[in-house]
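J.: There's a structure below that I have some questions on.
Just so you know, all these numbers are worked out from the coordinates, no wet-lab data involved. Nothing here was measured: the structure is a model prediction, and the numbers come from that model. Here Cβ is always computed from backbone atoms with ideal geometry, including for glycine, and neighbour counts include all displayed protein chains.
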2 protein chains.
Amino acid sequence: MDKDPGFIAAVEEAKNGAGEGGVPIGAALVSKDGKILGVGHNMRVQKGSPILHAEMAALENSGRLPASAYEGATMYTTLSPCDMCTGACILYKVKRVVIGENKSFMGGEELLINRGKEVVVLDNHECREMMARFMKEKPELWNEDIAV
Amino acid sequence: MDKDPGFIAAVEEAKNGAGEGGVPIGAALVSKDGKILGVGHNMRVQKGSPILHAEMAALENSGRLPASAYEGATMYTTLSPCDMCTGACILYKVKRVVIGENKSFMGGEELLINRGKEVVVLDNHECREMMARFMKEKPELWNEDIAV
């Protein structure tokens, strides 16, 4: 799944975020028939937003859609989703969450599984490296983003 | 708590949302020392946003804050929070969630309680009436907002 267009788009978004001086986490929402509905990256720094995590930005950038658009959808994200993003995936009933890595941060994977979602963790080296660098260089920003 | 400034602000926001032709749900985030950090209402119609539920809008309008700003905070909302908004309250570690009513919709109250939040349900008549009218007049919009 490292080669899925959705995952490649999510990693690209994370890099965009890093390039903008932000939190390097990206996401892509992909419909069951493989169409990328929306992509996004964390916008805490860029927009001063506490809610535009990567997954939320991907949902927002997908626009206002009927419930049917999310049926069977996959949320690709470079990092294990926090409680907010986990809840958003549950609300919109995405079928599957594909996660770049969960070594840097373990989010709501257990809740996702309990709510019937398919959770795939890729343990992707590039995602781990991006987060490791970021957490080393900007620990205050990272702590702020996960409300520590 | 029906007389708390935070709750009054949340109801006012819900009315603003209704006046704009939107989903009539409002919220206010109040710090432990009683300062209103931000208010907001559902913006699905107004901004075509799937993520700006009332509680999310209140968080967004509070701006980028350190974790300490949320310590001991209360989220007032006119309706029981959906899974996304529940997750956001957990992420930001608000202490208490005060809910106008949960007859129209029961959200993630159990999860909030399991995560140590104080949950207060006011069963407020005005909130119930607003939602009942809305759900009767615009059932498609309501279903879309909760992804049915």
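J.: Tell me which lysines have Cα within less than 18 Å of B:LYS136's Cα, excluding those fewer than 8 residues away on the same chain?
T.: Once the sequence-local lysines are set aside, what remains near B:LYS136 is B:LYS15, B:LYS103.
J.: Now a separate question. Ordered shortest first, which distances in nm separate the 7 Å Cα→C-beta label point of A:VAL148 from those of the other copies?
T.: Computed spacing set for this position: 4.1 nm.
J.: Just the number, please: percent antiparallel of the DSSP beta bridges in the protein assembly as shown, rounded to the nearest 5.
T.: If I count the DSSP bridges inside the protein assembly as shown, around 50 percent turn out antiparallel.
J.: When a/c reaches 1.5 or more, the comparison of a/b and b/c decides; with that in mind, is region B:1-61 rounded, prolate or oblate per its Cα gyration tensor? Walk me through the intermediate numbers first.
T.: Details: a/c = 3.24, a/b = 1.60, b/c = 2.02.
Oblate, since a/c reaches 1.5 and b/c is not below a/b.
J.: Extension gain A:GLU12-A:PHE105, at 0.36 nm per residue separation less the Cα-Cα distance, in nm? Can you show the working numbers first?
T.: Values: separation 93, 0.36 × 93 = 33.48 nm, distance 1.96 nm.
Result: 31.5 nm gained on full extension.
J.: Mind giving me the nanometre distance, one decimal, between the label points for A:ASP123 and A:ALA67, set 7 Å out from Cα along Cα→Cβ?
T.: Each label point lies 7 Å from its Cα, and together they span 3.8 nm.
J.: Restricting attention to the alpha-carbon atoms of the protein assembly as shown, what are Rg (one decimal) and Dmax (integer), both in Å?
T.: Taking only Cα atoms of the protein assembly as shown, I get Rg and Dmax of 18.1, 55 Å.
J.: Counting only other chains, and only Cβ atoms inside 10 Å, what mean value do you get across the residues of B:102-108?
T.: That works out to 1 on average.
J.: Please report how far the C-alpha centroid of region B:65-125 lies from that of region A:20-86, rounded to the nearest whole angstrom.
T.: So the separation of the two Cα centres works out to 23 Å.
J.: While we're here: For B:SER68, go 7 angstrom from Cα along the Cα-to-Cβ vector, then report the distances to that same point in the other copies in nm, smallest first.
T.: For B:SER68, the other copies' label points sit at 5.2 nm, shortest first.
J.: What value, in deg cm²/dmol to 500, does the helix sum -39500 (n - 2.57) over DSSP H runs of n ≥ 4 give at 222 nm once divided by the residues of the protein assembly as shown?
T.: So the helix-based figure for the protein assembly as shown works out to -12000 deg cm²/dmol.
J.: Using the beta-carbon distance between A:ASN143 and B:ILE113 and R0 = 25 Å, what value does 1/(1 + (r/R0)^6) give for FRET efficiency, to the nearest 0.05?
T.: Computed FRET efficiency for A:ASN143 and B:ILE113 comes out at 0.40.
J.: Related question: Nearest to the axis that maps chain B onto chain A: list the chain B residue whose Cβ wins, with the distance in whole angstrom.
T.: B:GLY87, 1
J.: What is the mean projected area of the alpha carbon convex hull for chain B, to one decimal in square nanometres?
T.: Result: 7.6 nm².
J.: When the label point is put 7 Å from the Cα of B:ASP33 along its Cα-to-beta-carbon vector, which residues of region B:6-21 have a backbone N closer than 18 Å?
T.: B:6
J.: Further, regarding this structure: Charges only on Cβ, +1 for Lys and Arg, -1 for Asp and Glu: so what's the dipole of region A:1-125 about the Cα centre, in debye to the nearest 20? Write out the running numbers ahead of the final one.
T.: On the way: 13 positive and 15 negative charges, 59 e Å.
Charge dipole of region A:1-125: 280 debye, to the nearest 20.
J.: For peptide B:60-72, what's the mean number of Cβ atoms from other chains within 10 Å of each residue's Cβ? List each step's numbers first, then the result.
T.: Details: counts 6, 2, 2, 3, 9, 4, 5, 6, 1, 2, 2, 1, 0.
The per-residue average across the peptide is 3.
J.: How much net charge surrounds A:HIS125 when only the other residues with a Cβ under 13 Å from the Cβ of A:HIS125 are counted, with Lys and Arg +1 and Asp and Glu -1?
T.: Summing Lys and Arg as +1 and Asp and Glu as -1 gives -2.
J.: Now a separate question. Residues with beta-carbon under 14 Å from that of B:ALA9, excluding B:ALA9: net charge, scoring Lys, Arg +1 and Asp, Glu -1?
T.: -3
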